[in-house]
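Data block below; observations after.
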Amino acid sequence: MSITPWLRRFSLMAIALVAVFLWQTPLQAQSLNPEELSEAVTQIEQLDGMRSQLASGLEGTNTEPTLETFKQVCKPVGMRAKQLSQETGWTVQQIAEKYRNPDHAPKTESAEFALNLFKENPTLVGYWDEETLDGQQGARYFRRINVEASCQVCHGRKGDRPDFVKNNYPQDLAYDFEVGDLRGLYSVFIPYLN
Ligand code: HEC
């Protein structure tokens, strides 16, 4: 039996595979702007720094913090995330398994996956993945959020939460954390250009 038909079929298949590869690779390279990727990482570091700074401002104050000072930690972070989304066309979110604001519940399989991955790998800080979100293809960045000592005034024991939290978030799940626990994650979805 001749081997030629088999060889022909094999080389046709190989050519097809290479064609698919060549067709896909430049497409993906073109559709991502590397500067946008690094800008997203920078913006998230700034957002996280803003929260840490606001929270540490509450620590060690002798006077009882007022309702207004208490409100000025995580709410502004959420507002900045929304503003960033509007300015850039990205989707910037905070996601948590034990959430306080139900808007921050995980809504995609990839978000659940990311939460588990961060939980199982305490030294993993962040990563990029490809994703299709609301029918759009793009790149998605996930960055962990850990609990610091300054968070405990509002995310510590259930009974110790400030009144404004108890009153405004009746379905609150974001308490009983220990320092170093995974609190949640930031996510930035950047749609491909084409
Ligand atoms: C003064 C009280 C207060 C402090 C201190 C505080 N938080 Fe929050 N946190 C809140 C409130 C209130 C919300 C819900 C905000 C909203 O409605 O979007 C929240 C929400 C969050 C969320 C979004 C997910 C969710 O559960 O809705 C994350 C993440 C978070 N906090 C992390 C932290 C971290 C990390 C720290 C410490 C660096 C911290 N928080 C300190 C009050 C606080």
Listed peptides 174-185, 33-44 by packing density, highest first (mean Cβ within 10 Å): 174-185, 33-44
Over all pairs of different Cα atoms in the stretch 33-191, the reciprocal of the mean inverse distance gives a Kirkwood radius in Å of 16.4
For Lys107, give me every one of the lysines with a C-alpha distance below 24 angstrom, ignoring sequence neighbours fewer than eight places off in its own chain. Lys75, Lys82, Lys98, Lys119
If I ignore ligands, DNA and RNA and count only protein heavy atoms, how much of Lys82 is accessible to a 1.4 Å probe, in Å² to the nearest 10? 140
Heavy-atom accessible area with a 1.4 angstrom probe orders His155, His104, most exposed first, as His104, His155
Each residue of the stretch 101-114 in order: what ³J(HN,Hα) in whole Hz does its phi give by Karplus 6.51 cos²θ - 1.76 cosθ + 1.60, θ = phi - 60°, with x for Gly and Pro? 9, x, 4, 9, 5, x, 10, 10, 4, 5, 5, 4, 4, 5
Once Trp128, Trp90 are ranked on solvent-accessible area with the largest value leading and a 1.4 Å probe, the list reads Trp128, Trp90
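The values are calculated or read from the model by the stated rules, or taken from the named source; none is laboratory data. Just so it is clear, the structure is predicted and the values come from calculations on it, not from any experiment. Every residue, glycine as well, gets a Cβ built from its backbone with ideal geometry; the counts of neighbours run over all protein chains shown. What goes into the accessible areas is simple: the full protein's heavy atoms, side chains included, and nothing from ligands, DNA or RNA. Shrake-Rupley method; radii C 1.70, N 1.55, O 1.52, S 1.80 Å.
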